[in-house]
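The structure appears below as structure tokens.
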Amino acid sequence: MKKIYLFCSAGMSTSMLAKNMQKAADAHSLPAHIEAFSSSKISALVESDHPDVILLGPQVSFMFDDVNEKYGTSTPVGVIDADDYGALDGERVLKYAILLLKKFKAANA
């Protein structure tokens, strides 16, 4: 079961996107657990839950360098495309998360 965690400033639209991603994962029988959280919880959740992928909402993309520097050696970190985010396109964002995970595993093999 892959844990994909989305982080944004408030969490409302990101929660809807996470639900759409979970629906897409379930439709493809992918073993994934997808949740959205406030960006203020990144450190606590990464250290306690050890997600497999960290995705940042476009509104907190300014945090990418810091989050990637802190966790990027053990967990792939990405920023959700603004168009996909705005459209709540769970399928595309899920594909992006899987691609990040595959590239990360290949780079660290």
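With every protein chain left in place, what is the accessible area of Asp81 in Å² (1.4 Å probe, nearest 10)?
Ignoring ligands and nucleic acids, Asp81 comes out at about 80 Å².
Under a Cβ-only charge scheme (Lys and Arg +1, Asp and Glu -1), can you give me the dipole magnitude of the chain about the Cα centre, in debye to the nearest 20? Can you show the working numbers first?
Working: 11 positive and 13 negative charges, 63 e Å.
It comes to approximately 300 debye.
Which value, in Å² and to the nearest 10, is the accessible area of Ser40 when all protein chains are kept and the probe is 1.4 Å?
100
Can you tell me how the chain classifies by the Cα gyration tensor, rounded, prolate or oblate, using a/c under 1.5 as the rounded cut? Kindly include the intermediate steps, with their values, before the conclusion.
On the way: a/c = 1.45, a/b = 1.09, b/c = 1.33.
The shape class here is rounded.
Given just the C-alpha atoms of the stretch 46-109, how large is their convex hull per residue in cubic angstrom?
In the stretch 46-109, the Cα convex hull volume per residue is 86 Å³.
How many angstrom lie between the C-alpha centres of the stretch 9-38 and the stretch 78-97?
The stretch 9-38 and the stretch 78-97 have Cα centres spaced 10 Å from each other.
With springs only between Cα atoms under 10 Å, which of Pro51, Pro31, Pro76 fluctuates most in a Gaussian network model of the chain?
In the Gaussian network model the winner is Pro31.
All other residues with a Cβ under 14 Å from the Cβ of Phe64 taken together, and with Lys, Arg as +1 and Asp, Glu as -1, what is their net charge? Show your work: numbers first, answer last.
On the way: positive: Lys70; negative: Asp65, Asp66, Glu69, Asp81.
With Lys, Arg at +1 and Asp, Glu at -1, the net is -3.
Suppose we keep just the DSSP beta bridges with both residues in the chain; what percent of those would be antiparallel, to 5? Don't skip to the answer; put the middle values down first.
Details: 0 of 14 bridges.
Rounded to the nearest five, the antiparallel share is 0 percent.
The values are calculated or read from the model by the stated rules, or taken from the named source; none is laboratory data. Please read these numbers as outputs of a predicted model, since none were measured by experiment. A quick note on method: Cβ atoms are made from the backbone with ideal geometry, for glycine too, and the neighbour counts reach across all protein chains shown. When the accessible area is computed, the model is the full protein with side chains, heavy atoms only, and any ligands, DNA or RNA have been set aside. Shrake-Rupley method; radii C 1.70, N 1.55, O 1.52, S 1.80 Å.
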